[in-house]
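Since every read-out is calculated from the coordinates, none of them should be taken as a lab result. What you see is a predicted model; the values in this text were computed from it and never measured. Neighbour counts are summed over all protein chains in view; Cβ atoms, including those assigned to glycine, are modelled from backbone coordinates with ideal geometry.
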Amino acid sequence: NDSAATANEVKQDEVAVLEEAINLAAAERKELEEAARNNDNNNKVERCNHGFVPWPKGHVCGRFVQSFVREFKASNGIGSYIAIDSFADAREATSTKYAAVWRDQDMLKHVISYFLAEGAGAIIEEKDDLARQYAVVTISFEQYIDAITGNNYVLSDVLRNCRKVSELSSENCDEHTLVSFFRKRMPCKCLNKRYKQVKSIVKLGSCCNPDCPLPDGKTEYSKLMHCEQCRVMTYCSIECQKANWPSHKENCVAIVTSLSSWT
């Protein structure tokens, strides 16, 4: 009887251990499932497309973007009015193969949403140099759409937008200006945190006179003067503008000539 009782106790202990193991396994599985759900939720936040609706694999817009970016980079597409010329070069290089895209406003707006999303992602990752390039491409496409709509789009509109291109493409473009550009075009709130960090930064601009007496030739952007002809070059004073005119004169004509092709 004692042996039977002992065997029975051993068996009960084994059952208890087994049940405990089963309960532990169930609890661990529950924790893993909860962790997986949390990870999925985090990934959903990270995968925000910032308003861009991905096109199907092999879609013409996807192929167009790849080709356009390749041509734009090959033309050194950053830096003042050079960015405008680089956009024009990339447009010409892709105009035949992707004529349908260049004529379709809806496709072009879809393309713009892609560059905006890429730019927003670059800002979140604090890759501001890359974001500046996406900003320049974005505003150039916006300008192109305005031009092809024919809504009384004249050279003054091109020049006004060119000032924005010049501001965004400058290596001295402040974070406030850059983040604001993307944030006001975003349907999501992904840039709000970064904007709060930079909104107190005073928007600065550079005087184009290399002999400007100001430290690093910088002053508040709102105080800068623009060349009355090209509207691209900026100066802190009439004195600096006059001093720089002999070297800017030739480029000034080239800028206006290049921009006039948009109208």
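For K30, a cut-off of 29 angstrom between C-alpha atoms picks up these lysines, skipping any fewer than 8 places away in its own chain: K11, K44.
Straight-distance candidates among the lysines for linking to K127, with alpha-carbon spacing under 18 Å and chain neighbours fewer than 8 residues away dropped: K73, K193, K196, K199.
Loop-located GluC sites (Glu not before Pro) across the stretch 202-263 with a Cβ neighbour count of 16 or fewer within 10 Å are E228, with loop assigned by DSSP. Taking 0.36 nm per residue of sequence separation and removing the Cα-Cα distance, the S95/W245 pair yields an extension gain of 50.4 nm. Entry for the stretch 193-263 at q = 0.14 Å⁻¹: log10 I(q)/I(0) = -0.52, Debye formula applied to identical alpha-carbon scatterers, no solvent contribution.
Put a dot 7 Å past the Cα of I238, heading toward its Cβ, do the same for E220, and the two dots end up 2.1 nm apart. Please list the non-local residues whose amide H lies under 5 Å from the amide H of K218, H modeled 1.01 Å from N, same-chain partners needing a gap of 5 or more. The answer is C207. Can you work out the FRET efficiency for the pair S180 and D106, with r the C-beta to C-beta distance and R0 = 22 Å, to the nearest 0.05? With R0 = 22 Å, the Cβ-Cβ based efficiency is 0.25.
Extending 7 Å from the Cα toward the beta-carbon at both A26 and H59 defines two label points whose distance is 4.7 nm.
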